[in-house]
1. Under the classification rounded if a/c is under 1.5, otherwise prolate if a/b is larger than b/c and oblate if not, where does segment 79-133 fall, given a ≥ b ≥ c as square roots of the Cα gyration tensor eigenvalues?
2. As an exercise, take the mean of 1/r over every pair of distinct alpha carbons in the chain, invert it, and state the Kirkwood radius in angstroms.
3. What do you get for the angle between helix 57-94 and the principal long axis of the chain? Use alpha-carbon atoms, 0 to 90 degrees, nearest ten.
4. What lysines could a cross-link reach from residue 124, if we take a straight Cα to Cα line under 28 Å and drop same-chain neighbours fewer than 8 places away?
5. Just reorder 109, 76, 6 by solvent-accessible area, largest first, 1.4 Å probe, all chains present.
6. Describe numerically, in nm with one decimal, the distance between label points set 7 Å from Cα along Cα→Cβ at residue 84 and at residue 105.
7. Of all the stretches in the chain, which is the longest one without any exposed loop site, taking chymotrypsin sites (Phe, Trp or Tyr not before Pro) in a DSSP loop (any state but H, G, I, E, B) with at most 15 other Cβ atoms within 10 Å?
8. Using each residue's phi in segment 98-110, evaluate 6.51 cos²θ - 1.76 cosθ + 1.60 at θ = phi - 60° and report the 3J(HN,Hα) Karplus result to the nearest Hz, with x for Gly and Pro.
Amino acid sequence: MSEKTRFALWIEKETLDLVRQNYIEDNCKTQSEYIAKAILFYTGYLNTNNAMEYLPEVLSEILEGKLDMLGSRIGRLLFKLAVECNISNHILAADTDMDVPTYERLRGRSVREVKETNGKISFKDDLIFQRSV
């Protein structure tokens with residue numbers, strides 16, 4: 001065990017009341033032990049890149065559960081959207097006179113447009129382009 005040093009500590013009354021109310025609940029034998037643990041915890045928190053080590057386990061589990069639910073919901077919504085998009089593809093394919101080489105050129109153009117616009121595409125822009133061809 002390392003040597004302990006006594007020093008004066010200036011602390012607000014409200015903060016000291018918190019120490020007095022909580023040091024026993026934290027299984028500390030003294031208020032000094034509680035304050036030392038708090039300093040080590042906070043210093044560790046400041047010095048780490050992974051704050052998860054310092055979050056209460058319950059909070060971490062709650063966040064993980066919520067993110068899992070969000071991921072599942074997004075996955076289900078993307079599946080439904082893909083089904084609707086596939087239906088639209090079948091309807092358009094049944095009613096178009098486009099040949100495969102024309103489709104391949106259109107697909108290449110579409111990939112470039114999505115990359116260039118970062119996914120911000122509009123039907124109006126495509127309609128204007130198709131009317132000009």
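1. Values: a/c = 1.60, a/b = 1.09, b/c = 1.47.
It comes out oblate by the Cα gyration axes.
2. Values: mean 1/r = 0.0452 Å⁻¹.
22.1 Å is the Kirkwood radius here.
3. The two axes meet at around 0 degrees.
4. Filter leaves 80, 115.
5. Largest accessible area first, the residues go 6, 76, 109.
6. In this crude spin-label approximation the distance works out to 3.2 nm.
7. Working: sites that count: 7, 10.
By the stated rule (loop sites, at most 15 other Cβ atoms within 10 Å), 11-133.
8. Calculated HN-Hα couplings, in order: 6, 8, 4, x, 5, 4, 4, 5, 5, 5, x, 4, 5 Hz.
The values are calculated or read from the model by the stated rules, or taken from the named source; none is laboratory data. Since this is a predicted model, take the numbers as computed values, not measurements. In this analysis, Cβ positions are derived from the backbone assuming ideal geometry, glycine residues included, and neighbour counts consider all displayed protein chains. Areas reflect the complete protein model, heavy atoms only, side chains present, ligands, DNA and RNA absent. Shrake-Rupley method; radii C 1.70, N 1.55, O 1.52, S 1.80 Å.
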